[in-house]
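Working notes, beginning with the structure itself.
The values are calculated or read from the model by the stated rules, or taken from the named source; none is laboratory data. Just so you know, these numbers come straight off a predicted model, no measurement behind them. Glycine also receives a Cβ, built like all others from the backbone with ideal geometry; neighbour counts cover every protein chain displayed. Please note that ligands, DNA and RNA were not included when accessible areas were found on the heavy atoms of the full protein model with its side chains. Shrake-Rupley method; radii C 1.70, N 1.55, O 1.52, S 1.80 Å.
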Amino acid sequence: MKERIEQIRNEVLAFLVDEKAGVEKFRLEFISKKGKISELFEGIKSVTAGDRKELGKVLNELKQLAESKFKELQESIESKSNHDLTDFDLTLPTIPNKTGSHHPLNLTRYRIIEIFERLGFNVEDGPEIEDDWHNFTALNFPENHPAREMQDTFFIEKNPDILLRTHTSNVQIRLMKDRKPPFRAIMPGRVYRNEAISARAHCFFHQVEGLYVDKNVGFSDLKQTLYHFAKEMFGKDTKIRLRPSYFPFTEPSAEIDISCLICHGKGCNVCKYSGWVEIAGSGIVHPNVLRHCGIDPEEYTGFAFGMGIERITMLRHSINDLRLFSENDIRFLKQFKSVY
Ligand code: PHE
């Protein structure tokens, strides 16, 4: 009997496991009710009463030994499987995460805002559904003046006084009427014109209006501001050119061209072989506009400009069809940055 106990003790000590199933095997073999140690306890009943006491003691020790080994085995397997879970190669590339991207028009808008904010301009907003006064009259468009026809307006059928704004210049008016000068603001937003949709025209597009009104603001300020903007936006080698133009709300007025980004002035089909592309309309705020907003033109002067976000985006990314911006074709959109 003693030898049998010793043999099982050795078996217990030598038992090795390297997986969960092995721990269960150990339990069944040694400590379950039908295991070898229970068997020994059964066997002890048939030895003489004198031996029983000593054997009982040895057997109890064996039982304890087996139980503590069982615990140990359980713990070691557990920590091994935990270890396996963290045993990753952290340097392996992950499965690429599919994220969306910024709309190219937003990327241009963010950049324009960034440039002007650094010059002390703040960002203002105004309504897309507007009345005639804010979109035309206050901007010095005389009633029945052909200048109104320059901008193919969408009117609201039941009330011709209400329209979809044709430009962001309405926000100039709202700003100057509601607050006191000086003003230094840019006003990005969507505008609408009743035009047939093609690669070069759309019934809605986006503009950024700029307004700077203070004492002694002159044409040189306008020129320097837009010169700085063009270099920041399109690169330091960009040249700008001002061409005389006409807008009812500015006098004098100028159209702003930049040297063509595609051919750098040599001539190509984007600049129609002129070497220049137009990016904005601008001018000195007409005294009538200031008067309409309750500002004394003898005391304050200012400049304004308006540029098309689509046009600038098309130049930045060599995009040749305006319709791409509103079709939401994922193959087009995913080519732009997902992080700004
Ligand atoms: N509102 C003009 C347009 O839509 C642009 C402009 C804005 C011109 C401000 C001069 C000054 O064409």
In the chain, with Lys and Arg counted as +1 and Asp and Glu as -1 at Cβ, which of these residues, Ala66, Pro181, Asn328, has the Cα nearest the positive end of the dipole, that is, farthest along it?
Ala66
Using bins 5 angstrom wide from zero, how does P(r) for the range 246-340 break down, in % of all Cα pairs?
3, 12, 15, 15, 13, 13, 10, 9, 7, 2, 0
Determine one quarter of the surface area of the Cα convex hull of the range 189-242, which equals its mean projected area, and express it in nm² to one decimal.
5.7 nm²
Would you mind computing Rg(Cα) / (2.2 N^0.38 Å) for the chain, counting N as its residues?
2.05
Length released on extending from Ala201 to Lys98, taking residue separation times 0.36 nm less the Cα-Cα span:
33.8 nm
Equivalent-ellipsoid semi-axes of the range 57-131, from the Cα gyration tensor, Å, largest first
71, 16, 13
The range 160-293: Kirkwood hydrodynamic radius (Cα pairs, Å) comes out at 16.5 Å
With θ taken as phi - 60° and the coefficients 6.51, -1.76 and 1.60, list the Karplus ³J(HN,Hα) couplings across the range 102-117 in order, rounded to whole Hz; mark glycine and proline as x.
6, 5, x, 5, 5, 4, 5, 4, 4, 5, 4, 4, 4, 5, 6, 4
Among all the lysines, which ones have a C-alpha under 21 Å from Lys57's C-alpha, if same-chain residues fewer than 8 places away are not counted?
Lys2, Lys33, Lys34, Lys36, Lys45, Lys69
Given charges of +1 on the Cβ of Lys and Arg and -1 on the Cβ of Asp and Glu, with all other atoms neutral, how large is the dipole of the chain about its Cα centre, in debye to the nearest 20?
880 debye
Under the helix-only model (-39500 (n - 2.57) for each DSSP H run of 4 or more, divided by the residues of the chain), the mean residue ellipticity at 222 nm, to 500 deg cm²/dmol, is -12000 deg cm²/dmol
Mind jotting down a quarter of the surface of the convex hull over the alpha carbons of the range 1-117, in square nanometres, one decimal?
14.0 nm²
Non-local residues with an amide H under 5 Å from the amide H of Ser245, with H modelled 1.01 Å from N and Pro and chain starts lacking one, are Ser253, Ala254, Glu255
Distance-filtered residues of the range 314-340 - backbone nitrogen under 17 Å, label point 7 angstrom along Ile262 Cα→Cβ
314-325
Below 26 Å Cα-Cα, how many Lys pairs turn up in the range 207-332? Only count pairs eight or more apart in sequence, or on different chains, if you could.
13
With the charge dipole of the chain built from beta-carbon charges (+1 for Lys and Arg, -1 for Asp and Glu) about the Cα centre, the Cα from Ser79, Val285, Thr301 projecting farthest to the positive end belongs to Ser79
Residue by residue through the range 74-80, which ³J(HN,Hα) values in whole Hz follow from phi under the Karplus form 6.51 cos²θ - 1.76 cosθ + 1.60 (θ = phi - 60°), with glycine and proline marked x?
4, 5, 5, 5, 4, 5, 5
Accessible area per residue for the range 173-250 in Å², computed with a 1.4 Å probe and the full protein assembly in place, what is it?
52 Å²
Determine, for each peptide in 190-198, 163-171, 136-144, the mean count of other beta carbons within 10 angstrom over its residues, then list the peptides with the highest first.
163-171, 136-144, 190-198
In whole Hz, the Karplus estimates of ³J(HN,Hα) for the range 123-130 (6.51, -1.76, 1.60; θ = phi - 60°; x where Gly or Pro) are 9, 10, 9, x, x, 8, 9, 10
Between Met1 and Ile319, what is 0.36 nm times their sequence separation minus the Cα-Cα distance? Round to one decimal in nm.
105.1 nm
Among 322-335, 88-101, 176-189, how do they line up from the highest to the lowest mean number of other beta-carbon atoms within 10 Å?
176-189, 322-335, 88-101
